[in-house]
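The values are calculated or read from the model by the stated rules, or taken from the named source; none is laboratory data. Only a predicted model underlies this, so the values are computations on that prediction, with no experimental measurement involved. Backbone-built Cβ (ideal geometry, glycine too); neighbour counts: all protein chains shown.
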Amino acid sequence: MNFLKKNWIDIVFVVILLVVLIPQIRVPVQVFLQRFISMAPSEIDKDERETIANYTWELASLEGNKVAFSQSEGRVVLVNYWASWCPPCVAEMPSLQTLYERYGDRVDFYFVTSEEAVVAKKFLQNTGYTFPVYISSHWPPKELQTQTLPTTYLISKEGEIVIKKTGVANWSSEKVLKTIDNLLLQ
């Protein structure tokens, strides 16, 4: 048993040493670890949910087209704040892509970045993600303001924030799929 414990400690030490000494592997290792620990986000208790009071928010697509968030009032919406340099953001992207592929025609998705359009386009091209990415032109509604990446909001047709998750999550879990299916039926 001590032999296994010592080997495990040696492996962890080597991984940490490699991450520190070789910067090129730092992000892939961080992304792997984030995916490994990610769990399904939980719904907010009904009596603690905030409701979006004002859907006024201007965004721009990566092609520069103006998009009004108000077009999503009365629809199920997912808003995700992310950046390509953020390991937890990158770690949850495959599950968000799966969610987009499943619900892209029934849920409005807003993947919002503050990066330059050219950087976001290159990231999407390199990864093959097809979800819609926007750059915010103005402040979002106060209920959707955050300084932390990633932060994701799942919003009901009535404007209630059903899930608010800061940090990496598994968005394609059965728990999330069931939540979205229930929101679409309401």
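Condition first: hydrophobic (A, V, I, L, M, F, W, C), in a helix (DSSP H, G or I) and at pLDDT 95 or above. Now tell me which residues in segment 91-117 satisfy that.
Scanning segment 91-117 gives Met93, Leu96, Leu99, Ala117.
Each residue in segment 159-186 was checked for being on the phi > 0 side of the Ramachandran plot and under 15 Å from the mean Cα position of the chain (by Cα), and 1 of them qualify.
For Thr166, are the conditions met, namely being out of contact with any Asp or Glu (no Cβ under 7 Å at 6 or more places or on another chain) and surrounded by fewer than 20 Cβ atoms within 10 Å (Cβ to Cβ)? For Thr166, the condition - out of contact with any Asp or Glu (no Cβ under 7 Å at 6 or more places or on another chain) and surrounded by fewer than 20 Cβ atoms within 10 Å (Cβ to Cβ) - is met.
Residues are listed down the side, and each one gets a yes or a no for (1) of a type outside the set (Asp, Glu); (2) crowded, with 18+ Cβ neighbours inside 10 Å; (3) more than 18 Å from the chain's Cα centre (by Cα):
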| site | (1), (2), (3) |
| --- | --- |
| Ile44 | yes, no, no |
| Asp47 | no, no, yes |
| Thr51 | yes, no, yes |
| Trp57 | yes, yes, yes |
| Lys66 | yes, no, yes |
| Glu73 | no, no, yes |
| Val76 | yes, yes, no |
| Trp82 | yes, yes, no |
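The residues of segment 118-138 that are more than 15 Å from the chain's Cα centre (by Cα), in a helix (DSSP H, G or I) and touching a residue at least 40 places away in the same chain (Cβ under 8 Å) amount to a single one, Lys121. Considering segment 91-116, the residues that are over 10 Å from the mean Cα position of the chain (by Cα) and farther than 12 Å from Phe131 by Cβ include one that is surrounded by the fewest Cβ atoms within 10 Å (Cβ to Cβ), namely Asp105. Of all residues in segment 79-116, those being of a type in the set (A, V, I, L, M) and in contact with an Asp or Glu (Cβ under 8 Å, 6 or more places away or on another chain) number 1. Among the numbered criteria (1) more than 21 Å from Gly74 (Cα to Cα); (2) in contact with a Leu (Cβ under 8 Å, 6 or more places away or on another chain), which single criterion is violated by Tyr134? Exception for Tyr134: condition (1).
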